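Notes for the one structure printed next.
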Amino acid sequence: MLDKVKSFISEVENATANTEEEIESFRLKFVGRNNVVNELFEQFKQVPSEQKRELGPALNKLKNLAQTKLKELSESVGFSSTSSAEVDVTLPGAFGSEGSIHPISQTRSRIIEIFERQGFNVEDGPEIDNDWNNFTALNFPENHPAREMQDTYFIEKNPDMLLRTHTSNVQIRLMNKKKPPIRAIMPGRVFRNEAISARAHCFFHQVEGLVVGENISFKDLKNTLYHFSKEMFGKQTKIRLRPSYFPFTEPSAEIDISCFICGGSGCKICKQTGWVEIAGSGMVDPNVLENCGIDSTKYSGFAFGMGIERVTMLKYQLDDLRLFSENDVRFLKQF
């Protein structure tokens, strides 16, 4: 048997190949599933112990040599089959198309940049949270419509857990772990159980802001959003505040800006009114402060929130919310 192994070793060492067929023939004989090397290893099991000491190394040598030889033959045929004349090294390289930053990410970064220059920190929190942080601590009554299944995604195995409906849960977590003064914004993704359409989606992005300290007034809120609007939409922008209601702020106001498309004269973006809504805001309700262990007789604060998709649609004059999540390259490459 040793002579047979040595014969195969010699055959492998002297093997040559000029075509793919010859390489395949070599592979099947020495490396394939039912090759001669495997057969020899099976016979090796029946060899007397005194012969195995010499036969074993020879078999291993044959196996390793066959694998190395197959690689050499394959490389030699592959190299010889491609002549230098077939490759023009003077041609320019082929490059793939470059990607771009998603419009939502662009707007988010711009909003953060503006508020950071006003001294705001950026805070983050979980997208899955409990009822306390998302509703109860924010002064939502137990029978509030937002708590219903048709408006909120609850976790089936734990009804107390849900997909956050706003980034206000980060405000509660922040006030629980840090005492005033607080000055922060909370960008993030939120979820609502809504039918997907050009004007609504089951998930979208928000940026909320929170300021808590001594002697914080409604004027501070107005000046903050006034500065943001001018930075985001242009120096000519004006703002107005309309009375509104939110469970977690009192008093509350909707924030409108003068239409930066028509300059206030009326167009389809502002629905001929000259104004477009960008945010909700108000003074933090004393109950919310107390729920977080903050003395409402000493501290006051304001909060605001805006949809990043809403701001992006206004900035780029878009009319379909679904464009942001469809990953249509024809749309995204415009940014």
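The values are calculated or read from the model by the stated rules, or taken from the named source; none is laboratory data. The structure displayed is predicted, hence computed values, not measured ones. All Cβ positions, glycine included, derive from the backbone under ideal geometry; neighbour counts span all protein chains shown.
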**Asked** Scanning for something modelled with pLDDT under 95, more than 21 Å from S109 (Cα to Cα) and under 29 Å from the mean Cα position of the chain (by Cα), does the stretch 202-221 turn up at least one residue?
**Response** yes
**Item:** Which listed residue, of S229, S265, S252, is out of contact with any Phe, Trp or Tyr (no Cβ under 8 Å at 6 or more places or on another chain), of a type in the set (S, T, N, Q), crowded, with 19+ Cβ neighbours inside 10 Å and in the same structural domain as T136 (by TED's automatic domain parsing)
**Value:** S229
**Message:** Between a residue in the stretch 192-205 that is among the polar types (S, T, N, Q) and any residue that is surrounded by 15 or more Cβ atoms within 10 Å (Cβ to Cβ) and assigned to a loop (DSSP other than H, G, I, E, B), which pairs come within a Cβ distance under 8 Å, given they are 6 or more apart or on different chains?
**Reply:** N193/T152; N193/Y153
**Request:** Give the residues of the stretch 206-230 that are among the aromatic types (F, W, Y) and touching a residue at least 24 places away in the same chain (Cβ under 8 Å), sorted by residue number.
**Result:** F218, F228
**Prompt:** Taking T273, is it assigned to a loop (DSSP other than H, G, I, E, B), modelled with pLDDT of 95 or more, surrounded by fewer than 19 Cβ atoms within 10 Å (Cβ to Cβ) and not small (G, A, S)?
**Reply:** no
**Message:** Among the listed residues E22, E39, E72, identify the single one that is at pLDDT 80 or above, under 47 Å from the mean Cα position of the chain (by Cα) and surrounded by 10 or more Cβ atoms within 10 Å (Cβ to Cβ).
**Reply:** E72
**Message:** I need a count of the residues in the stretch 101-149 that are crowded, with 17+ Cβ neighbours inside 10 Å, farther than 30 Å from E326 by Cα, touching a Lys or Arg at 6+ places or on another chain (Cβ under 8 Å) and in contact (Cβ under 8 Å) with a residue 60 or more places away in the chain.
**Reply:** 2
**Message:** Tell me the residue from G96, G56 that is surrounded by fewer than 12 Cβ atoms within 10 Å (Cβ to Cβ) and outside the structural domain of F203 (by TED's automatic domain parsing), please.
**Reply:** G96
**Request:** Select the strands (runs of 3 or more DSSP E) contained entirely in the stretch 110-211, then report the ones holding at least 2 residues which are under 18 Å from T312 (Cβ atoms) and aromatic (F, W, Y).
**Result:** none
**Subset tally (residues that are over 16 Å from R173 (Cα atoms) and under 31 Å from the mean Cα position of the chain (by Cα)) for the stretch 262-301** = 8
**Complete:** Within the stretch 165-189, restricting to residues that are touching a residue at least 60 places away in the same chain (Cβ under 8 Å) and either among the small types (G, A, S) or in contact with a Phe, Trp or Tyr (Cβ under 8 Å, 6 or more places away or on another chain) (or both), the one that is surrounded by the most Cβ atoms within 10 Å (Cβ to Cβ) is S168
